[in-house]
1. Which three extents, in whole angstrom, do the alpha-carbon atoms of region 567-686 cover along their principal axes, largest first?
2. Rounding to the nearest 20 debye, state how big the charge dipole of region 488-579 is about its Cα centre with +1 on each Lys and Arg Cβ and -1 on each Asp and Glu Cβ.
3. Probe radius 1.4 Å, ligands and nucleic acids ignored: give me the carbon and sulfur share of the accessible area of region 486-540 as a rounded percent.
4. How big is D for region 253-324, in µm² s⁻¹ as a whole number, if Stokes-Einstein is applied with the Kirkwood radius of its Cα pairs at 20 °C and 1.002 mPa s?
5. Residues of region 283-311 with the amide nitrogen closer than 19 Å to a label point 7 Å from the Cα of Asn242, along Cα-to-Cβ, please.
6. Just add up the charged neighbours of Ser636: K/R +1, D/E -1, any other residue whose Cβ is under 12 Å from the Cβ of Ser636.
7. Rounded, prolate or oblate: which fits region 151-305 when a ≥ b ≥ c are the square roots of the eigenvalues of the alpha-carbon gyration tensor, with rounded for a/c under 1.5 and prolate only if a/b beats b/c?
8. Tell me the per residue accessible area of region 511-612 using a 1.4 Å probe; a whole number in Å² is fine.
Amino acid sequence: MVDHMEVDEPRGTKRKDPPSSTDDSAPRRIQASLFTLASRMDVVNKIAAGEIIVAPVHALKELIENAVDAGATSLEVLIKDGGLKLLQITDNGHGIDKGDLPILCERFTTSKLKKFEDLSSICTYGFRGEALASISHIAHLTVTTKTKDSSHAWRAHYDSGKLSPAKPGQSADPKPIAGRGGTQISVEDLFYNVPTRRRAFRSTSDEYNKIIDMKHGDSGTSISVQAQASAIGRIRQIHGGNVANELIQFSTSDDRWGFKAVGWATNANYHIKKTTLLLFINNRSVESSNIKKAVEQTYSTFLPKSGHPFVYLSLEIDPQRVDVNVHPTKREVNFLNEDEIIQCVCETIRGKLAAVDTSRTFMTQTLLPGTILPSTTSQDADAPSAKTPGTSRKTPARAYENNLVRTDASLRKITSMFPTTSKISGPSTTGESNAANGSLELEYEPTDREPVYCRLTSVRDLRTTVRDDMHHELTEIIANHTFVGIVDEKRRLAAIQGGVKLYLIDYGRACFEYFYQVGLTDFGNFGVIKFQPALGLREVLNIAAEQEKMADREAALADDDDFDVAEVVERVAEQLIERREMLLEYFSFEVSPTGELLSIPLLIKGYTPSMAKLPQFLLRLGPYVNWTDEKLCFESFLTELATFYVPEQLPPLPGNDQVEEDVPDEIKTRRAHVRRAVEHVFFPAFKARLVATKTFMKGGVLELANLKGLYRVFERC
């Protein structure tokens, strides 16, 4: 064999280490463990303990939850070296029976679950039976307990989930000792047998600060709260009077989502550097980044840029709708309809903040000696002024006009400056007004249909996509805008005021974004527009197909691209009839087996989409909807539905010297209906629930003027 060190190779070439054997390149195969059963279980238990007990604060949290489940009303906690050297908790609960001590620290030993289905109605903090078992595998654990019926207490030592003697050579059985009712658990030398985890802790002071944070920032040595104390009283005692004095109470509930929320939140007068959210779900203290982000966004319009609120929120949700077994340390939980519940809570908080402004703090200063108070009586102009160097007073600051904005939406709008149709005869104008207010208004009837909870992953993914594309600043502008008026009906442009700025909005694109989002949020719960009598599906499709063919001829397309109208109509009709059950269940789109169109979805009340667009909408459901993939099917169908609901482009209004004599009456009626819907239906709806996306920001919004910038221009004139 040639020696690899003697092979001539170019200088600078890196030599590879030759394989030691021909079997090194082969993949490794699974082999039976060479360890004993006890050794394997020890490895498994230490790995599990590392997931549950990440730091001393997690061990303390598990022990406190066990104490509360045992009916304790008093807890004493002793900490040494941040809980790494000693972590001791003493409670006055029911205690542990002596017969249960031998199996106390075995894994999955619990009295709160008998079968897996019990998780759907669990109401205790602990339920897995892993806390004490995990601690005993990574620390020296001592338990001293006394029940109400016992004449003395019992002390037991544990190691690796089993009873162990206090000293070598002694018996491992529990020892009778004097003690008080309740349980005392001592955890010593945490992570003594996991040196890698022990060295990962930076300092004992950091671990101590984490424990203090678990007490919600209270660094006192003791906390004593009366059992009858109210929620605001507990907040006052733990977090101080500065927080409690600025709290406003809120509550909301919704049977559709099966929840009830009660809480306290600070008003606009109070803000801190970091958001404090005390979240309890079914009396369980948990964390939720989604709720925290939503609350911070709600307060962003009421607080300074660097200000954050204090919020206490208690959610009561049907236990069958909550999954508590999703996190090793039970820090997080999952529950159904999370987005809808968060939206309801945030809207309630926003309403309270906007309505309540009774606690404002202002810094004042007493008048200095010699200061002249403003006089309400007029002085003689010829009287000599008695000004002295020490008696001059400062004129109150006047608000500059470039900072004043219109806040009354009922003031004059831009539409009042446009030419009116007063030159038309009176009866026509009256008829148009009546048509706008009467004939196009549908008769709405409430239904007894129960709301459907959407559990489809594809729909939730589409909702997430919209939220990820949200433009926060534009969303806030639209949520607090003042409608100015319609600028151009042909290009579908309207003006709104946001603060001291004037914006031009493409309300056609805004309507598309809104109706698409309504389709996602109300998925499976749409209203219904019924046709009486029913429409022939094939006849309506034939109208659209004939229009398409005529348009192709006018565009002088090649004969090769020509299509058979009857074939296209039949194919689209078969697709809709074949999927009529899915269309009815998800979109309230009802087609009979014989091909009659009975109803289409209703997305908003107070506006009727143009029925002239109905044939084209139905025809596009064939080639433009992906019927093979669930997510793409819902996305493409809602896109076509939103396009159908977008107001159509209307002819421009005549000039000052023209009249609308040549404009058909149906166009006049439709224009009046659309103008009314844009001002009184669409933009109020945008203000309530539109999520402005970055895509809409790029092509649908234009800043026309800035009041401060205009003042700079006119100051030069």
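The values are calculated or read from the model by the stated rules, or taken from the named source; none is laboratory data. What you see is a predicted model, and the numbers here were worked out from it, not measured in a lab. Positions of Cβ are generated from backbone atoms using ideal geometry, with glycine treated the same way; all protein chains shown enter the neighbour counts. In case anyone asks, the SASA skips ligands and DNA or RNA and just uses the protein heavy atoms, side chains included. Shrake-Rupley method; radii C 1.70, N 1.55, O 1.52, S 1.80 Å.
1. So the extents along the principal axes, rounded to whole Å, are 55, 35, 22.
2. On the way: 11 positive and 19 negative charges, 184 e Å.
My answer is approximately 880 debye.
3. Numbers: 1160 of 2170 Å².
Using a 1.4 Å probe with all protein chains present, region 486-540 comes out at 53 percent carbon and sulfur.
4. So the translational diffusion coefficient is about 163 µm²/s.
5. In region 283-311, the label zone of Asn242 (backbone N under 19 Å from the point 7 Å along Cα→Cβ) covers 303-311.
6. Working: positive: Arg620, Lys631; negative: Asp629, Glu630, Glu635, Glu640.
Taking every other residue near Ser636 into account, the sum is -2.
7. Working: a/c = 2.44, a/b = 1.98, b/c = 1.23.
Judged from the Cα gyration tensor, region 151-305 comes out prolate (a/c at least 1.5, a/b above b/c).
8. 52
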